[in-house]
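Notes to accompany the following structure.
The values are calculated or read from the model by the stated rules, or taken from the named source; none is laboratory data. Just so it is clear, the model here is predicted, and its values are computed rather than measured. With ideal geometry, Cβ positions are generated from the backbone for all residues, glycine too; neighbour counts draw on all protein chains shown. Areas reflect the complete protein model, heavy atoms only, side chains present, ligands, DNA and RNA absent. Shrake-Rupley method; radii C 1.70, N 1.55, O 1.52, S 1.80 Å.
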Amino acid sequence: MKEAVVICLNKQTREATDESECVSAQRPPQLIKACNTDPCPPRWEVEAWSSCSATCGVGLQTRAVTCVLKGKAHSNHTEKVKDEKCQLAKPSSVQACNRFDCPPMWDAKEWNECSRECGGGTQKREVVCKQRMADGSVLELPETFCPSPSLPTLQVCGQTDCPAQWVFTDWTQCSATCGEGTQRLLVVCRRKEQNGQYRTLVPEACASLTKPSTARSCSAGPCEKTFKPVADPAILAQRKVYIQWRKGPKLHFVVGGYAYLLPWTSIVLRCPTRHFRKGHVRWLKDGKPLALLPHVSISHMGYIKIQQVRASDIGMYTCVVGQAQENFVLKLIGGKQKISVPEADFWITDGVKISEKTHQISSVSEETAKELLSFNRYDAVVQHLLDLKNLALEGYVSKELLDSAEKNRSILEEDAVLDPQNPQVLVADMPKLDEVARNLSGGLQGPVKDELITQLLEELTKNTGENNESTLEPNDRQEFSTQGYISQRTGLRMPSHSTRQWRGHLRSPVIIQKPLRGYKFPNEIVAHVGSLVLVPRQAIRLELRCQAQGNPQPVIVWTKGGMELTNSSRVGLMPDGSMHIDAPRETDSGLYTCRATNHLGSTSLSSQVQITGSGCISGADENNSSLCPDNLLSSHSCHGLHCRHRWQVSSWSSCSVSCGGGIQSRSVTCLGVAEGAEACLGAGRRPAETRPCNTQLCVSWATTSWGPCNGQCVGPKQALQHRHVFCQDKNSTRVGHRMCSSQPRPISHQNCTSEACALHWRVGPWTQCTATCGRHGFQSRHITCVHRRSGKPAREFHCAWRPRPASWQRCNILSCGRGECQDSTRYCEKVRQLELCPLPQFKARCCRSCRDT
């Protein structure tokens, strides 16, 4: 609209003057007319930005932008039109906000399903510590980065009572032992409540559910016909004595005998019957009904199971079948291989029973007295056998007795005993032990008694294969065969036709023992390890041989008194496993042990070497011929003309070389009234003045160069590289590893550092702190895993062997001043420009910037 302006004007001066000078009646009317009557073009109309979708990291703000057309003049009414009507570019309807790193926070996943629908269950969820970065990425951090406490990961659920249901037990035993019978089932109505406890309800609560049948018919087989004549029950007893020689698997016994067992052995005691049901066998212990204990039980088949026999199990077990009964005496072998004596409730003296606990005296029948006295029937014989075993193990038994006692468990070349282990159980017939017991009670003493016990041990060891089978579990019995195969549990001999097949299998080492010993040359003694070796002072050389078998071939190591022997001027270790001592002295006496080892195990055998004053060993070999050479037998002390001419030798010199074959020399002179070598022509062959020595090859370990560095790398020096290690002689010819066994072997693999291992964390600069004061400020930095040399990035788990540096930290944790209006973030200028001050969270942190808005 346009309006005409009316003023009072002086006609002469043409200047405006006061309206009172003009005649008001002649004032023209007000003149108004419309203008710009064309409608306005459409324009963009924008609303205020919304609040930011995230307080940190990166969020979004949105606003509505519409194209509107204004209506008639003097009207505020607008009309929405299509965006194409607006000529100007459309303003943005979305923008990023709060673009700075968030502090680490807990991120919880959805809860899993409840473990139970009712009756009280639990459900889990995964809670992870995460940090949203300014670039929008999310970083997973260790739990220690997030505030404590963590969000719960477990909660209860299913807190409702379960519906009632029928619960039933197992079927009872059949009511009849033969013919038709019935079995019953106990059924109750129960409900699981929300606390997880079961509650028994009245049967009506389960009335809507199908109730299972509570009775059924059963059959235990046809009953025996009454008209059939029934024979008297009988017990199939075995009259044997069992002596446990070493620990092993569960043992099975039959009544009628005696058992001397090591503690903590599990056994099964059977009572085989004829014309009697096994399940009806009655058992007594020391004349009273057998008390069942946690480790003692009676099976439905009528046999006794004892788990890990102990002192309280010692006693006499009686199997009662009708009018028949059989006994079985069980005893323990205690410490130091001594038979344990039970805490007896009584003892017998001249037919009188005296209770140890109550001190009451009562007479017993002659039969009972005989049974009780027979409780210790074989103790003396068994104790002698255990004493012999103990002496043999400790090495204190005499030479003759030790050789005889270990004859059956030694490895002889003539008939290869393939397993050096002792049998698990020695089994003796009672008549045989009765005969030995009578001989011992007759007053045998000294060597005669030792010989009797040794002979008995040899016979029991030889017969172990045929007698020991009944003591093994059924699964073990298949190891025995009439074809001659050997159970490795028994230490039995294998016939020679099976030996060849057995040698192809992997086996642990065994040492072959030869009982022979004698002279290789005059004054040079040769013996096999495993026996007592007496060395006369005149001996100039002692050779101890140790021959071992095994697959792979075992390595031989010699020790004296527990200290390993090495090559020296007088002691030499040969490639074949033997050891020699030149010019033996008193200081060479001691216990020499040969140990054979491969990766399957090791074994050892020892010899006691003693330097004696006699001219030679006074024993005899297998042919009962003297072991003393003629010139040594005649080398007794003599004086003057009574002395025969004889050869005198000095000690051997040191070997000319340390390996590869050298020479040792010594002086040989003729002693007697007349000097000169011709005078000793009748004194036997002239001793050798030289001999070869150190004939073993000159060998040493050699290695190839290290191979490439391979393997997963989790930190430096965790990858591996390998090289070959081999034994070679001085001509660089490879020989067996055993030849170099006396030398320290170089390592064949080692840790190394590859290119994959040369990784580290690269740390970027800290960003500017998000606040100048207060407790909300933090700053972040980029952490990457890169190659140390090339700088190329790698996946973060390659650097996980070293702690990851912190990617954020709090900063400017200073008081902003009480009552002062301060900005606590560097984004306040943006907050003011974006008109975010009306929002409380921004106004509080940008107090100064938002003060004037």
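Structure data summary
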| item | result |
| --- | --- |
| Per-residue HN-Hα couplings for segment 169-182 [Karplus 6.51, -1.76, 1.60; θ = phi - 60°; Hz; x = Gly/Pro] | 8, 6, 5, 6, 5, 4, 5, 10, 7, 8, x, 7, x, 10 |
| Protein accessible area in segment 202-285, 1.4 Å probe - carbon and sulfur % | 55 percent |
| Computed accessible area, Asp588, all protein chains, 1.4 angstrom probe, square angstrom | 10 Å² |
| Accessible surface ranking that places the most exposed of Cys178, Cys752 first, with a 1.4 angstrom probe | Cys178, Cys752 |
| Computed lengthening from Asp18 to Ser604, 0.36 nm per intervening residue step minus Cα-Cα distance | 196.5 nm |
| Residues whose placed amide H lies under 5 Å from that of Ala54, excluding near-sequence neighbours | Gly59, Leu60 |
| Cut-off under 5 Å, modelled amide H: who pairs with Leu201 long-range | Cys189, Arg190, Arg191 |
| Accessible-area value, Val735, 1.4 Å probe, nucleic acids and ligands omitted, Å² | 40 Å² |
| Table column - 3J(HN,Hα) (Hz), segment 305-310, Karplus curve with 6.51, -1.76, 1.60, x for Gly and Pro | 10, 10, 8, 6, 4, 9 |
| Cα centroid of segment 1-70 to Cα centroid of segment 446-460, whole Å | 139 Å |
| Kirkwood Rh, Cα atoms: Rg over Rh of segment 724-828 | 1.49 |
| Accessible heavy-atom area order of Tyr242, Tyr827, highest first, probe of 1.4 Å | Tyr827, Tyr242 |
| Per-peptide average of other Cβ atoms within 10 Å, ordering 102-115, 272-285 highest first | 272-285, 102-115 |
| Karplus-derived HN-Hα couplings along segment 583-599 (A = 6.51, B = -1.76, C = 1.60, θ = phi - 60°), whole Hz, x at Gly and Pro | 6, x, 10, 4, 5, 7, 5, x, 9, 9, 10, 9, 10, 10, 9, 9, 5 |
| Sequence-distant residues sharing a close amide H with Thr273 (under 5 Å, placed H) | Leu236 |
